[in-house]
Amino acid sequence: MEISNKYNPAVIEDKWYGRWLKKKYFHSEPDEREPYTIVIPPPNVTGVLHMGHMLNITLQDVLIRRARMQGKNACWVPGIDHASIATEAKVVNKLKAEGIDKNDISRDKFIQYVWEWKEKHGGIILEQLKKLGASCDWDRIRFTMDEDLSESVIDTFIDLYNKDLIYRGVRMVNWDTKAQTAISDEEVIHKEVQSKLYYLRYRIEKEENNFLTIATTRPETILGDTAVCVHPDDERFKKFHGKKVIVPLINRTVPVIQDNYVDREFGTGALKITPAHDIHDYEIGIRHKLKSIDIFNDDGTLNEKAQLYVGSDRFAVRIAIVKDLERAGNLVKTEEYVNKVGFSERTGAVIEPKLSMQWFLKMKSFVKPALEVVEKGAIRFYPEKFKNTYRHWMVNVRDWNISRQLWWGQRIPVYYLHDGESVVAKSAEEALVKAKEKFNRPNLQLNDLQQDEDVMDTWFSSWLWPISVFDGIRHPHNNDINYYYPTNDLVTGPDIIFFWVARMIMSGIEYRKEIPFKNVYFTGIVRDKLGRKMSKTLGNSPDPIKLIKQYGADGVRVGMLLTAPAGNDLPFDPSLCEQGRNFSNKIWNALRLVKGWKIDKSLRQNETSEQAVSWFEARFNQILTDIENNFAGYRISNALMAVYKLIWDDFCSWFLEMVKPTYQQPIDTATYEATLTFFEKLMKVLHPFMPFITEEIWHLLRQRTQGNDIIVAPMPVSGSYDEKLIAAFERAENIISGIRNLRREKNIANKDNIKLLVKAGQQAECRFYAVVAKMGNISSIEMVGDQPEGVITFTVGAQEFYVPIMENVDVDSEIKKIEEELNYTKGFLNSVKKKLSNKRFVNNAPIIVVEKERKKQADAETRIQVLEQQLKALQR
């Protein structure tokens, strides 16, 4: 079987992914096996693959492939989210570019345009995931706007409404003026910005030269002022209690009120109150029964209630009103000021607090059970630190605003009559029947009903994801939901712990009386070398598909995972992918080496090979135990590093070097078969991380029967191992390293045989001297008593080894090197002794620190003794 000189990932990746798909290895149906289930965090339908997806998907694929090889019925459900705000914005912009205004077409026509856009662009990211090697069950692709998933969302709304958990009311919401919809608190990103603090004076009613000065960062909102507020105990303002002031420019008379909310240290200690456009003002307004004047249109322009600047944008008005206030004599001064401003996560627009009629879900009843399952460990978080974040949100949770002022999404299933009465129903026809009965109006017609214009928050569909993908809302006893639910692991980012993780736990307990998953692995944020979050705006995010083309999917996967511990940010550098590609090449070259050996069936296994095989068997089981423990603790990056070192160091650098035959000589059958078996085991353990190259090598190592593919091969399980054997080999490694260092320092070529003399004593024995002889090119190994003349010495621990001086060794140079090291070591010993002679240090430092210093002293004294002996031998 001819093996190419170079590993070609592009050809191999397409070949094997196609075969895996054809053989339906990714597909799962309920059977008698133990299920292992992951549901993908559905990427937005608008999305394309970015580095965060790469990390998240690679981690999930590692887990699912490993479970598959462990004999479990692995089911990884892929899907995409309809992303109401982002998708609607995309389509609105697309139509605008074509000369079509959303407001000029019907709702149904717009939805038709969105579906057309989705069919054309919506599957891009899923196709990109295949390039990475994602082994999702592509027969189970779900979309949150699929008919059955949408029906599940509608059913859930109706159920919760009937349980009196959903209500409608006017509340202060976070208004996105660009998307023109309300968004939840969790969708608001607060940033520190450089602003200005404007000091404005309000004239006291009926007092020509008496003013009360307030400070505000938003002078444009004075047009909606309905009061000025001071702290009741603030002596500075007691003279204004019970009086009224005149709002500048519009001359509205408003009262001066007192409330404990006021921070006397901020600004002047007096606040303007605009109940319609600030959450705290809104709450003060309720307490004091103030009127609310909403001066903004949905797009952030001013409306007629503002009286001035009607139709102008809020930020343009801010500039204009400051000039007008200054001309009117109401602007006292302006100061630079840093404050936090809320921005929409989806559109980047500055959030406008706004009073709006919205639908809300009461959260209080969901909190206790959802918090309990995490606190008591029924659901485990990795890393555990995120339990605190989760707890904080749960304790401070507010009712969930579940309505959005959009057209794309599941429409609120509420139908209104012309007189404002309403019914909740799955369809207009059902609503008509309900309305006739409820209101005793048998003559009602369909056109007497009007469905609510709003749609539900996208997260209101996503919170059902682990249930709805298996149709568990509509059919709670079907085979799929009973078999696959609860799922096993969720891999996601900590940024959506509130949006998604917490709410899925709530819905799981509500609708299945069971947790939706057992473990949550939180990934970190992918950052560049400067520590900045990767983003299109900064231009610091590489194209994942280009990385795959350059380094191969396996190389990129390894590069992503090598420095990606759970919950910690990933400082990504393309050189990590290069390291992954180099690893692929290392394994490929090892394959070419092994498959290039000629076998002689008549040869008996030599002692070196026999020892090498027994050592690697033990070493493999030792490291496999570590790998299994790392997986159990979701230390996936550590597990990969353990596999990496096992293959690169132990297998390639040590085992293969020990067993490889002399140039152009054959190898014995026993050693060759053992080598292939080890190679196979290593590829199995590596497969979840590097699926493509491992499958290719699996088929190149031996002839395989149909269906004998590594993707479904059984994962090795660790066995017992001889720790003493491993320790003995580690000692042999140190001896070999000592010989190699000596050759390098003394310019003794590796091809030149040397003798090794071992000083007799308790530590002189080594069960791997046959390996030492081969790896060190040693002609003979002899035990000696005292140090012979004319030798170079090296030590391993306290054991001394001697190599007779060869003709090409410069004795004078050796003496000089030893004298330099001797002087340095004596100086080091003196510094340690000085520290240990300090009673204050010895009495106050931790015992472990003091013991460490004493060990340094003992080691230095032993080293000086050895160096002095070496010097004495050379000077004879």
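The values are calculated or read from the model by the stated rules, or taken from the named source; none is laboratory data. Computed from a prediction, not measured in an experiment: that's the story for all the values here. Cβ coordinates were reconstructed from backbone atoms using ideal geometry, including for glycine residues, and neighbour counts include every protein chain displayed. These accessible areas exclude ligands, DNA and RNA; they are computed on the full protein's heavy atoms, side chains included. Shrake-Rupley method; radii C 1.70, N 1.55, O 1.52, S 1.80 Å.
Below is a table of values for the structure above.
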read-out: Protection proxy ranking, peptides 848-856, 686-694, average beta carbon neighbours within 10 Å, highest first; value: 686-694, 848-856
read-out: Acute angle (nearest 10 degrees) that the helix 364-375 long axis makes with the longest principal axis of the chain, alpha-carbon atoms; value: 10
read-out: Net charge dipole size for region 711-770 [Lys, Arg +1 and Asp, Glu -1 on Cβ; Debye, nearest 20]; value: 380
read-out: Three-way shape label, region 334-402, alpha-carbon gyration tensor, a/c 1.5; value: oblate
read-out: 3J(HN,Hα) from dihedral phi, region 328-340, Karplus parametrisation 6.51/-1.76/1.60, rounded to Hz, x for glycine, proline; value: 7, x, 9, 8, 7, 6, 10, 10, 5, 8, 9, 9, 8
read-out: Label-to-label distance, nm, for residues given as Gln70 and Lys385 (7 Å Cα→Cβ offset); value: 2.7
read-out: Packing-based order for 489-497, 403-411, 94-102, using average beta carbon neighbours within 10 Å, highest first; value: 403-411, 489-497, 94-102
read-out: Expected 222 nm ellipticity per residue - DSSP helices of 4 or more, -39500 (n - 2.57), all of the chain, to 500; value: -13500 deg cm²/dmol
read-out: Burial order of peptide ranges 358-371, 607-620, 440-453, 49-62 (average beta-carbon count within 10 Å, highest first); value: 49-62, 607-620, 358-371, 440-453
read-out: Three-way shape call for region 46-169 based on the alpha-carbon gyration tensor, with the a/c threshold at 1.5; value: oblate
read-out: Sequence-distant lysines (8 or more away, or on other chains) whose Cα lies within less than 17 Å of Lys759; value: Lys872
read-out: Amide H contacts of Gln258 (H built 1.01 Å from N, under 5 Å, at least 5 apart or other chain); value: Val230
read-out: When each of Lys681/Lys751; Lys354/Lys385; Lys354/Lys387; Lys72/Lys130 is checked by Cα-Cα distance, pairs over 24 Å; value: Lys681/Lys751; Lys354/Lys385; Lys354/Lys387
read-out: Apportionment of accessible area to carbon and sulfur, the chain, percent (1.4 Å); value: 48
read-out: Listed values (i) 125, 105, 47; (ii) 114, 72, 50; (iii) 90, 70, 56, entry calculated as Cα extents along the principal axes in Å; value: (ii)
read-out: Accessible area (Å², per residue) of region 768-821, counting only protein heavy atoms and a probe of 1.4 Å; value: 48
read-out: Estimated inter-spin distance, Lys816 and Lys598, nm [label 7 Å along Cα→Cβ]; value: 4.9
read-out: Modelled FRET efficiency - R0 56 Å, His280 with Val842, Cβ distances, 0.05 increments; value: 0.40
read-out: Amide H contacts under 5 Å for Val791, placed H, 5+ residues apart; value: Ile805
read-out: Candidates per GluC sites (Glu not before Pro) in region 259-333, loop by DSSP, up to 11 other Cβ within 10 Å; value: Glu265
read-out: Cross-link partners of Lys96 among aspartates and glutamates (Cα-Cα below 14 Å; sequence separation of 8 or more within a chain); value: Glu88, Asp104
read-out: Listed residue pairs exceeding 29 Å between alpha carbons, taken from Lys120/Lys513; Lys598/Lys774; Lys118/Lys684; value: Lys120/Lys513; Lys118/Lys684
read-out: Under 5 Å, built H, 5+ apart or other chain: amide partners of Asn73; value: Glu34, Tyr36
read-out: Where a label projected 7 Å from the Cα of Glu745 along Cα→Cβ would reach, residues of region 834-876 with amide N under 15 Å; value: 863-874
read-out: Under the Karplus curve 6.51 cos²θ - 1.76 cosθ + 1.60, θ = phi - 60°, whole-Hz ³J(HN,Hα) for region 480-495, x wherever Gly or Pro sits; value: 4, 5, 5, 8, 8, 9, x, 6, 8, 10, 10, 10, 7, x, x, 5
read-out: Computed lengthening from Lys852 to Lys438, 0.36 nm per intervening residue step minus Cα-Cα distance; value: 140.6 nm
read-out: Simple Cβ-charge dipole of the chain, Lys/Arg +1 and Asp/Glu -1, about Cα centre, in debye nearest 20; value: 1420
read-out: Rotationally averaged projected area of region 109-237 (alpha carbon convex hull; nm²); value: 17.2
